[in-house]
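K.L.:
The structure's right below; bear with me while I get my questions together.
The values are calculated or read from the model by the stated rules, or taken from the named source; none is laboratory data. As the structure is a computational prediction, the values presented were derived from the model and not from experiment. With ideal geometry, Cβ positions are generated from the backbone for all residues, glycine too; neighbour counts draw on all protein chains shown. Areas reflect the complete protein model, heavy atoms only, side chains present, ligands, DNA and RNA absent. Shrake-Rupley method; radii C 1.70, N 1.55, O 1.52, S 1.80 Å.
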Amino acid sequence: MNKNLKFTLLFSLMLVFFSTLSKAQSQMKKGDLVDGIAVVVGDEIILESDIEDQANFAKQQGATVADKCEFVESIINNKLLIYEAKRDTLIENRSAAIKENANQKYTQILGQFPDERAMLTTYKFRTSYEMKNAIEKIDSDNYYGQSKYGRITEKADVTPNEVTDFFTTFQYQLPEVKDEVSLSQIIMYPKLTNAHKDEIIARLNKIKADIQGGETFESQARIYSDDPGSAAKGGLYTNISKGKMVKPFEAAALNLQEGELSEPVESDFGYHLIQLVKKSGKQYDARHILLKAEPNADEISAAKKELDSIRTLIVDGKMSFKDAAFRFSDDKQTKFNAGIVTSAEDGSDKIEKLNLPPTLSYQIAGYNKGDITDVFEDVAAQDRKTVTIVKIDDVIAAHKLDISTDYNRIKQMALNKKKNEMVEKWVKEKLPNVFISINDRYKDCTFKTDWRKTVETK
């Protein structure tokens, strides 16, 4: 495969490295640390364990890591971006926010496993502390690396002629697209009855009374809160920047005096009891107890009946799916876009069937282009129960990429190639001014960039 195209196709893998979970750089003896260092870029260190962990993760995601030298070079490129990003005064320092998010992400990952030990074993960490530190480190690398990549390539663009030239040059090397579908959806959250809402609010008021009667907020949060990101910490969130939390939560929290308790506050997540711990400038610390607004069987049934009547209007031609999505869908990501579902990978409205969530894949099985599914139950973000209908807008059989049917994808690949060329040029310009040291175990590697003209080899 042509090296330029191969580099372009590896772009997505390069971004995977930014989000890979790798082991934390734990405290080691001086000699052990030196022995474990593979590469130094400025003051950024790449350990041998980092390389192995990232290679293992990439393989788990289905990527091929046959050439370790090529793999290592991509990591060096990333570290150079990270190093320079931290020196770029136009890139905001988000260390505090990244640290706060690490615990939340840890809990989200934990929810995918039967218990904590199974998760730690799978990701090859010894303790939760080690894994949380690793998440924080990777999120930090992700933020700085992508920010610098964006700064370097922000003016990149391709003309239609450049897209055509790219396709003409590489058409026989472009990958095959697997079976795909284009889908639109209407998602509704079952509404709680007033009686059910009053019951939840009464529970929160009882908890509030117990706290005012001598129970600690921390203990009550650990016992009753449904928020997996903060319950174990006594409901505490620290260094909250204004605008980070949902508006009802933030408005209530910032109207409190330090130590004061709020009345029950409703948000998209449920009902909160909030205590302001500290306010300092544009940031604040707060504790909260969340009781999720989980709909019961009758409320789910009522929502299904309502959505089924909307489906009937669409099928009978009395309302378009687009208008119904705008008027009735609770999914903010799709309701203003005719309900169209887009790929998380590239934003395309064509999604490989193999990448569909299991429930959605099952529900559309057997349907043809233009069909609308029956109403079905599903679960959205934050484990919120939903009722949903899906329209099958198109069914696309597996095929080689072609400019007549896949222009936008080919345009993105051509743009990625141009961006990578811009980054390559930037790297060559930066090399003379950055200390880079590569361990002798990689002395036989033939790198795309001649790092050794500017590096000190150990």
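K.L.:
What pairs can you find where one residue is in the range 366-392 and modelled with pLDDT under 90, the other is open to solvent by less than 30 Å² (accessible area, probe 1.4 Å), and their Cβ atoms are less than 6 Å apart, with a gap of 6+ or different chains?
P.N.:
Listed by first residue and then by second, the contacts come to Ala380/Thr386.
K.L.:
Ok, one more. So in the range 89-113, with the set limited to residues that are touching a Lys or Arg at 6+ places or on another chain (Cβ under 8 Å) and among the hydrophobic types (A, V, I, L, M, F, W, C), which one is most open to solvent (accessible area, probe 1.4 Å)?
P.N.:
Here the residue is Leu90.
K.L.:
Please specify each residue of the range 273-296 satisfying the condition of being in contact (Cβ under 8 Å) with a residue 40 or more places away in the chain, crowded, with 20+ Cβ neighbours inside 10 Å and assigned to a strand (DSSP E or B).
P.N.:
Leu273, Gln275, Tyr284, Ala286, Arg287, His288, Ile289, Leu290, Leu291, listed by residue number.
K.L.:
Just to verify a result, which residue in the range 188-215, among those that are part of a loop (DSSP other than H, G, I, E, B) and under 30 Å from Thr334 (Cβ atoms), is farthest from the chain's Cα centre (by Cα)?
P.N.:
For the range 188-215, the residue satisfying everything is Thr193.
K.L.:
Follow-up. Across the range 312-332, which residue is surrounded by the fewest Cβ atoms within 10 Å (Cβ to Cβ) among those that are closer than 15 Å to Asp378 by Cβ and out of contact with any Lys or Arg (no Cβ under 8 Å at 6 or more places or on another chain)?
P.N.:
Within the range 312-332, the match that is surrounded by the fewest Cβ atoms within 10 Å (Cβ to Cβ) is Asp330.
K.L.:
Continuing with this model, one more query. Consider the range 99-131. How many of its residues are farther than 21 Å from Ile46 by Cβ, part of a helix (DSSP H, G or I) and out of contact with any strand residue (DSSP E or B) (no Cβ under 7 Å at 6 or more places or on another chain)?
P.N.:
Matching residues across the range 99-131 total 19.
K.L.:
State the number of residues belonging to the range 398-432 that are touching an Asp or Glu at 6+ places or on another chain (Cβ under 8 Å) and hydrophobic (A, V, I, L, M, F, W, C).
P.N.:
4
K.L.:
Still on this structure, I have one more. When you go through Asp268, Asp308 one by one, which is the residue that is of a type outside the set (Val, Ile, Thr), modelled with pLDDT of 95 or more and surrounded by fewer than 18 Cβ atoms within 10 Å (Cβ to Cβ)? Reasoning before the result, please.
P.N.:
Details: Asp268 fails: modelled with pLDDT of 95 or more.
The unique qualifying residue is Asp308.
K.L.:
Checking Asp331 against (1) closer than 18 Å to Val375 by Cα; (2) more than 29 Å from the chain's Cα centre (by Cα), which single condition isn't satisfied?
P.N.:
(2)
K.L.:
Also, quick follow-up: Just to be sure I understand the filter: pairs with C-beta atoms under 9 Å, separated by 6 or more residues or on different chains, first member in the range 203-218 and within 22 Å of Asp285 (Cα to Cα) and at pLDDT 95 or above, second member assigned to a helix (DSSP H, G or I) and open to solvent by 70 Å² or more (accessible area, probe 1.4 Å). Which pairs pass?
P.N.:
These pairs meet every condition: Leu204/Tyr224; Ile207/Ile223; Ile207/Tyr224.
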